[in-house]
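**Student:** What follows is a structure written as structure tokens; I'll ask about it next.
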Amino acid sequence: MISALQKARASYAPKLPVALRNGAAVKVVEGAPTTAVADVEKIRNLFAATFGSPVLTFEPAAGESRPAVNVGVILSGGQAPGGHNVIAGLFDGIKSLNPESRLFGFLKGPDGLVKNEYQELTADTIDAYRNTGGFDMIGSGRTKLETEEQFETALKNCRELNINALVIIGGDDSNTNACLLAEYYKKNNCGIQVIGCPKTIDGDLKNEWIETSFGFDTACRVYSELIGNIGRDANSAKKYWHFIKLMGRSASHIALECALQTHPNAAIISEEVAEKGMTLKEIVDYLAGIVAARAAKKCNFGVALIPEGLIEFVPEVKKLIAELNDLLAANADAFAQLADAEAKVNFVAARLSEAGAAVFTSLPAGIQAQLCNDRDPHGNVQVSLIETEKMLAQMVGARLKEMAAEGKYNGKFNTQTHFFGYEGRCAAPSNFDADYCYSLGYTAAALIGAGRTGYMASVRNNTRGADNWIVGGIPITMMMNMEHRHGADKPVIRKALVELDGKPFAAFAAVREQWAVETDYVYPGPIQYFGPSEVCDLVTKTLELEKA
Ligand code: FBP
């Protein structure tokens, strides 16, 4: 059974840019050869077959037929609203090249490609998922595609299905791997094109050519609706401080966007914490200062936004985590034998350096245990499992007690903590994401039709309405540099963190002191799918400001 909204939304026709309206057999305009964002020689050597390809821009063509293609598609990493529309756009795009084209969805992410688990995606399947949230059409996973053995197994599986092209829908890590795969297949003349699509609610896969990753818009709108509701509750009951952690593994784009949409009393931006070298104590002092200033105005309530990745940006904790990662890797077997969280914490505390141990023991016990938990397949601490919002609420409470004793605070401090992440990742895509994703998928089909490989689908000029969107392809090597990851220098797509000299942060910094003491909450309400364009066809504040 499907909901009334899902039923009505199924017939929404995503807006397509002009260049794609006659189908995916577009006219291709080539720009100048490209380079890499940094470490050019190393990237050139590692990607000798695909490096330097030109930026491509598409213009409408007469819509002639092209040879049929068999395409495999993979969803990789965390869910992001609009993934199904990328697949729908890809399906419609390859059918526009030639109605005999076929689409195969590899199941549960890159694993499906290696294990040859797939499903042919027919019109009936695609139609059932148009404009819906989630990745459940074919599932997703976080397996890394990076070894030659995996590439060869995938090649064999593709050959069995006569697949000529793979589309990998993922974030920076998955697109880095798409680039490695494209290089391997081109270098070895395998005849399989590889195209990437920029996905992640975190908003950190972006640059001049990829203005935003899909899902960021919808996820931020869902969180902002909830934050607005909480702000209104706080302002009604006037008795709670709400500490809200927001997803975003590393960058604080989500926290910043939600702050711009809702005007909380405080929003911590991890990149600023790192830049200023703030200690945990300084963050706590900053928040306690805001609580005290509001208490002086008899406002014993408020809303504070905490980015999920914060803990890794506090320099002293970052050092501690790096030390912990090495320590856990070096003692993996002994560590795995330990019976419980307490034993793990004690094991670690006894082996850390003096400085590391000092930071570790200053953290609440629950956080110490969470920092000892398993890492993800990329070796990252699973920050979504670390309850930073509870830690800060607790530490601010303790600081306020000290301030009260010093006569610097006279108020009540009762807290509620929240974590918004999974609530937004599978929401039905906003009009922006529905349109953007459909266009990305269609663009991927056009890149396949044009015989290209190692490209990411690019749909830009995003603030100007879909009619004016510019579509084409960006060589993935162009976004790469070398970074030190897990003990070795590796080519990776450069992650886009919040720029402290960028317009979105500047807009926030200009008003945050006012938002801190006043109660200036904005209540964005739920995403509107039907109704006037001025409430349905919005872009994020981040995009608006970046492109202003
Ligand atoms: P991607 O980078 O794969 O898009 O995932 C982003 C994200 O939603 C982060 O915001 C979050 O830290 C992470 O996924 C959580 O994923 P999981 O539930 O797999 O731990």
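**Student:** Restricting to the range 159-181, give me the number of residues that are of a type in the set (Asp, Glu) and more than 21 Å from Pro491 (Cβ to Cβ).
**Tutor:** The qualifying residues number 1.
**Student:** Hey, another quick one. For the range 41-61, give me the residue count where each residue is surrounded by fewer than 18 Cβ atoms within 10 Å (Cβ to Cβ), of a type in the set (A, V, I, L, M, F, W, C) and modelled with pLDDT of 95 or more.
**Tutor:** 2
**Student:** Follow-up question, since we're still on this one. Write out, first by first residue and then by second, each pair whose Cβ atoms fall under 6 Å of each other, whose residues are 6+ apart or on separate chains, and whose first residue, in the range 405-422, is in contact (Cβ under 8 Å) with a residue 24 or more places away in the chain and farther than 16 Å from Ile290 by Cα while the second is of a type in the set (Ser, Thr, Tyr) and crowded, with 18+ Cβ neighbours inside 10 Å.
**Tutor:** If the second residue must be of a type in the set (Ser, Thr, Tyr) and crowded, with 18+ Cβ neighbours inside 10 Å, the pairs left are Gln416/Tyr240; Phe420/Tyr223.
**Student:** So, Met456, is that one among the aliphatic types (A, V, I, L, M), out of contact with any Lys or Arg (no Cβ under 7 Å at 6 or more places or on another chain) and within 16 Å of the ligand (Cβ to nearest atom) or not?
**Tutor:** yes
**Student:** Further, regarding this structure: Is there a residue in the range 219-228 that is more than 18 Å from Cys426 (Cβ to Cβ) and either away from the ligand (no atom under 16 Å from the Cβ) or crowded, with 22+ Cβ neighbours inside 10 Å (or both)?
**Tutor:** Scanning the range 219-228 turns up at least one residue that is more than 18 Å from Cys426 (Cβ to Cβ) and either away from the ligand (no atom under 16 Å from the Cβ) or crowded, with 22+ Cβ neighbours inside 10 Å (or both).
**Student:** Checking Glu64 against (1) surrounded by 15 or more Cβ atoms within 10 Å (Cβ to Cβ); (2) closer than 30 Å to Leu161 by Cα; (3) not hydrophobic (A, V, I, L, M, F, W, C): exactly one of these is not met. Which one?
**Tutor:** For Glu64, the failing item is (1).
**Student:** Does the range 33-49 contain any residue that is under 19 Å from Gly449 (Cβ atoms) and either touching a residue at least 24 places away in the same chain (Cβ under 8 Å) or among the hydrophobic types (A, V, I, L, M, F, W, C) (or both)?
**Tutor:** no
**Student:** Check Leu161, Leu181, Leu166 and return the single one that is in contact with a helix residue (DSSP H, G or I) (Cβ under 9 Å, 6 or more places away or on another chain), in contact (Cβ under 8 Å) with a residue 40 or more places away in the chain and of a type outside the set (Val, Ile, Thr).
**Tutor:** Leu166
**Student:** Check off (1) out of contact with any Cys (no Cβ under 6 Å at 6 or more places or on another chain); (2) of a type in the set (A, V, I, L, M, F, W, C); (3) over 27 Å from Arg294 (Cβ atoms); (4) within 16 Å of the ligand (Cβ to nearest atom) for Phe214 and give me the number that stays unchecked.
**Tutor:** (1)
**Student:** A further question on this structure: If a residue has to be within 16 Å of the ligand (Cβ to nearest atom) and surrounded by 15 or more Cβ atoms within 10 Å (Cβ to Cβ) to count, how many in the range 343-374 make the cut?
**Tutor:** Of the residues in that region, 2 qualify.
**Student:** Which count do you get for residues in the range 212-236 that are touching a residue at least 24 places away in the same chain (Cβ under 8 Å), part of a helix (DSSP H, G or I), farther than 18 Å from Leu545 by Cα and not charged (D, E, K, R)?
**Tutor:** Residues in the range 212-236 being touching a residue at least 24 places away in the same chain (Cβ under 8 Å), part of a helix (DSSP H, G or I), farther than 18 Å from Leu545 by Cα and not charged (D, E, K, R): 11 in total.
**Student:** Please tell me if Asp340 is within 16 Å of the ligand (Cβ to nearest atom) and exposed (fewer than 14 other Cβ atoms within 10 Å of the Cβ).
**Tutor:** Against the criterion (within 16 Å of the ligand (Cβ to nearest atom) and exposed (fewer than 14 other Cβ atoms within 10 Å of the Cβ)), Asp340 does not qualify.
**Student:** Against the condition more than 16 Å from the ligand (Cβ to nearest atom) and basic (Lys, Arg), how does Lys42 come out, does it pass?
**Tutor:** Yes; evaluated as a whole, the condition is true for this residue.
**Student:** Let me ask something else about it. Hey, any hits in the range 384-401 for a residue that's β-branched (Val, Ile, Thr), in contact with a helix residue (DSSP H, G or I) (Cβ under 7 Å, 6 or more places away or on another chain), away from the ligand (no atom under 16 Å from the Cβ) and part of a helix (DSSP H, G or I)?
**Tutor:** Scanning the range 384-401 turns up at least one residue that is β-branched (Val, Ile, Thr), in contact with a helix residue (DSSP H, G or I) (Cβ under 7 Å, 6 or more places away or on another chain), away from the ligand (no atom under 16 Å from the Cβ) and part of a helix (DSSP H, G or I).
**Student:** Can you tell me which residue among Ala516, Ala509 is of a type in the set (A, V, I, L, M) and crowded, with 18+ Cβ neighbours inside 10 Å?
**Tutor:** Of Ala516, Ala509, the one residue that is of a type in the set (A, V, I, L, M) and crowded, with 18+ Cβ neighbours inside 10 Å is Ala516.
**Student:** Take Ser76 and decide whether it is polar (S, T, N, Q) and either within 16 Å of the ligand (Cβ to nearest atom) or in contact with a strand residue (DSSP E or B) (Cβ under 7 Å, 6 or more places away or on another chain) (or both).
**Tutor:** Considered against the rule, which asks whether it is polar (S, T, N, Q) and either within 16 Å of the ligand (Cβ to nearest atom) or in contact with a strand residue (DSSP E or B) (Cβ under 7 Å, 6 or more places away or on another chain) (or both), Ser76 comes out as yes.
**Student:** Another one. Any idea which residue in the range 402-425 is nearest to the chain's Cα centre (by Cα), counting only those that are assigned to a loop (DSSP other than H, G, I, E, B) and surrounded by 15 or more Cβ atoms within 10 Å (Cβ to Cβ)?
**Tutor:** Per the stated criteria, the residue is Gly421.
**Student:** Also, I was wondering about something else. Would you list the helices (runs of 4 or more DSSP H) that sit entirely within the range 237-326 and hold 3 or more residues that are free of Cβ contacts under 8 Å to residues at least 12 places away in the same chain and more than 16 Å from the ligand (Cβ to nearest atom)?
**Tutor:** By residue number, 280-296.
**Student:** Can you work out which of the residues in the range 1-35 that are outside any loop (DSSP other than H, G, I, E, B) and among the basic types (Lys, Arg) is farthest from Phe58 (Cα to Cα)?
**Tutor:** Applying the filter and picking the extreme gives Lys7.
**Student:** Of all residues in the range 332-365, how many are over 18 Å from Thr388 (Cα atoms), in a helix (DSSP H, G or I) and not small (Gly, Ala, Ser)?
**Tutor:** 9
**Student:** Tell me, please, whether a residue that is farther than 23 Å from Pro14 by Cα and away from the ligand (no atom under 16 Å from the Cβ) can be found in the range 81-92.
**Tutor:** no
**Student:** Another question, if that's okay. Across the range 197-211, which residue is farthest from Val471 (Cα to Cα) among those that are hydrophobic (A, V, I, L, M, F, W, C) and within 13 Å of the ligand (Cβ to nearest atom)?
**Tutor:** For the range 197-211, the residue satisfying everything is Ile201.
**Student:** Of these, Phe91, Phe104, which one is crowded, with 20+ Cβ neighbours inside 10 Å, outside any loop (DSSP other than H, G, I, E, B) and either acidic (Asp, Glu) or out of contact with any Gly (no Cβ under 7 Å at 6 or more places or on another chain) (or both)?
**Tutor:** From the options Phe91, Phe104, the qualifying one is Phe91.
**Student:** Considering (1) within 16 Å of the ligand (Cβ to nearest atom); (2) more than 30 Å from Ala296 (Cα to Cα), say which one Gly449 fails and leave the rest.
**Tutor:** Going through (1) within 16 Å of the ligand (Cβ to nearest atom); (2) more than 30 Å from Ala296 (Cα to Cα) one by one, Gly449 breaks only (1).
**Student:** In the range 109-179, which helices (runs of 4 or more DSSP H) lie fully inside it and hold 3 or more residues that are surrounded by fewer than 24 Cβ atoms within 10 Å (Cβ to Cβ) and away from the ligand (no atom under 16 Å from the Cβ)?
**Tutor:** The qualifying helices (runs of 4 or more DSSP H) are 123-129, 148-160.
The values are calculated or read from the model by the stated rules, or taken from the named source; none is laboratory data. Source: prediction; values computed, not measured. For neighbour counting, all protein chains shown are included, and Cβ atoms are generated from backbone atoms with ideal geometry for every residue, glycine included.
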